[in-house]
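Taking it in order: structure first as structure tokens, then the write-up.
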Amino acid sequence: MKQKSKHKKRKAMKVASCHECQTQADCCRLGAWIDLDEAKQIISLGIKGDFFHLEKDDTFPSGYKVGTSYEDDPCSFLGVDGLCAIHKVDYKFKPQSCKEFPYEDERVSSFARILCTPYKSKIKKRKK
């Protein structure tokens, strides 16, 4: 029963669509935290990019997370063309946290106001 309520909650939260975004690389400006197992899979594919800051975190499936950027730099997998190198290979390899953004832990991420253009535009519309 809990799964149904989570699913309904997540479905109701949809406030931003990446397909509406004209600058889809905006959300990659600061990198992301991804599960260590996802990072290992990306490394095995030979995709150019780096990982930083391995940390223990029980909220991630493997128990560890790793960053895709150094401090406030853009994601190391963001190409000069503004596209994700992982996504170019195959969307299924894109990290779950990237697929879910602007959501984090089933809520709108605190970074959405900064990084998500469609979310920011919806906030402006609501304020008018």
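The values are calculated or read from the model by the stated rules, or taken from the named source; none is laboratory data. On a predicted model such as this, the values are computed, not experimentally measured, just so you know. Neighbour counts run over all protein chains shown; Cβ positions are idealised from the backbone, glycine included.
Quick look at the numbers
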| quantity | calculated |
| --- | --- |
| Count of residues meeting criterion [outside any loop (DSSP other than H, G, I, E, B), of a type in the set (Lys, Arg) and surrounded by fewer than 18 Cβ atoms within 10 Å (Cβ to Cβ)] in the range 46-97 | 3 |
| Residue within the range 98-107 that is crowded, with 17+ Cβ neighbours inside 10 Å and either among the polar types (S, T, N, Q) or at pLDDT 85 or above (or both) present | no |
| Matching residues, the range 85-98, being free of Cβ contacts under 8 Å to residues at least 24 places away in the same chain and touching a Leu at 6+ places or on another chain (Cβ under 9 Å) | 90 |
| Residues being without any contact (Cβ under 8 Å) to a residue 24 or more places away in the chain and at positive phi - total across the range 39-56 | 2 |
| Close pairs from the range 57-84: first in contact (Cβ under 8 Å) with a residue 40 or more places away in the chain, partner in a loop (DSSP other than H, G, I, E, B) and acidic (Asp, Glu), Cβ under 7 Å, at least 6 apart | 76/50 |
